[in-house]
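The values are calculated or read from the model by the stated rules, or taken from the named source; none is laboratory data. What you see is a predicted model; the values in this text were computed from it and never measured. A quick note on method: Cβ atoms are made from the backbone with ideal geometry, for glycine too, and the neighbour counts reach across all protein chains shown.
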Amino acid sequence: MGAQVTVLVVDDDPSIRLLCRVNLELDGHEVAEAGTLPEARAIVSERVLDVVVLDVHVAGGDGRELLAELRESRPGLPVALLTGTAGRDELLRAGADALIPKPFTIDELRDTVRELAAGR
């Protein structure tokens with residue numbers, strides 16, 4: 001793999017963030033974590049990111065709000081939405097580059113992040 005990929009994981013469940021961080025770091029990525037949308041916005045404004053993994057239902061609002069903001073401010077930044085409830089077509093129309101259904105496997109997470117980073 002070339003340059004290190006920086007991934008932002010946004011989920012209000014600390015165990016999901018830990019699972020993502022540990023496994024993405026094992027895959028060679030640098031990982032930033034946010035538990036709320038305000039935390040995520042702060043990280044987006046401060047860091048160079050390559051991929052965002054964003055929960056649809058997150059503390060501080062709806063993940064689709066942040067997705068819309070990212071499409072305006074960083075149109076080339078790939079975003080994968082984590083979802084246990086929302087429909088695939090609806091989320092893709094909202095601008096998601098990929099969907100990761102909850103519950104997800106480690107391979108689904110890693111493969112999605114690799115594909116999004118490679119396509120950047």
- Residue in the stretch 57-76 that is among the β-branched types (Val, Ile, Thr), under 14 Å from the mean Cα position of the chain (by Cα) and closer than 15 Å to LEU109 by Cβ present: no
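Out of ALA117, ALA42, ALA96, which single residue is in contact with a strand residue (DSSP E or B) (Cβ under 9 Å, 6 or more places away or on another chain), assigned to a helix (DSSP H, G or I) and surrounded by 15 or more Cβ atoms within 10 Å (Cβ to Cβ)? Step through it out loud before you land on a result.
Details: ALA42 fails: surrounded by 15 or more Cβ atoms within 10 Å (Cβ to Cβ); ALA96 fails: assigned to a helix (DSSP H, G or I).
Unique residue meeting the criteria: ALA117.
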- Query: Do you know which residues across the stretch 1-27 are at pLDDT below 95 and touching a strand residue (DSSP E or B) at 6+ places or on another chain (Cβ under 9 Å)?
  - Reply: GLN4
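Scanning for something crowded, with 18+ Cβ neighbours inside 10 Å, of a type in the set (D, E, K, R), in contact with a Lys or Arg (Cβ under 9 Å, 6 or more places away or on another chain) and under 8 Å from LEU8 (Cβ atoms), does the stretch 45-53 turn up at least one residue? Before you say what the answer is, go through the steps one by one.
Step one: of the stretch 45-53, the residues crowded, with 18+ Cβ neighbours inside 10 Å are 49-53.
Restricting the remaining residues to those that are of a type in the set (D, E, K, R) gives 50.
From what's left, in contact with a Lys or Arg (Cβ under 9 Å, 6 or more places away or on another chain): 50.
From what is left, the residues that are under 8 Å from LEU8 (Cβ atoms) are none.
Within the stretch 45-53 (the criterion being crowded, with 18+ Cβ neighbours inside 10 Å, of a type in the set (D, E, K, R), in contact with a Lys or Arg (Cβ under 9 Å, 6 or more places away or on another chain) and under 8 Å from LEU8 (Cβ atoms)), the answer is no, since none of the residues qualifies.
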- For the stretch 59-99, which residues satisfy the criterion of being free of Cβ contacts under 8 Å to residues at least 24 places away in the same chain and more than 16 Å from VAL10 (Cα to Cα)? GLU72, PRO75, GLY87, ARG88, ASP89, GLU90, LEU92, ARG93
- Message: Whether any residue in the stretch 56-74 is modelled with pLDDT of 95 or more and in a strand (DSSP E or B) is what I want to check.
- Response: no
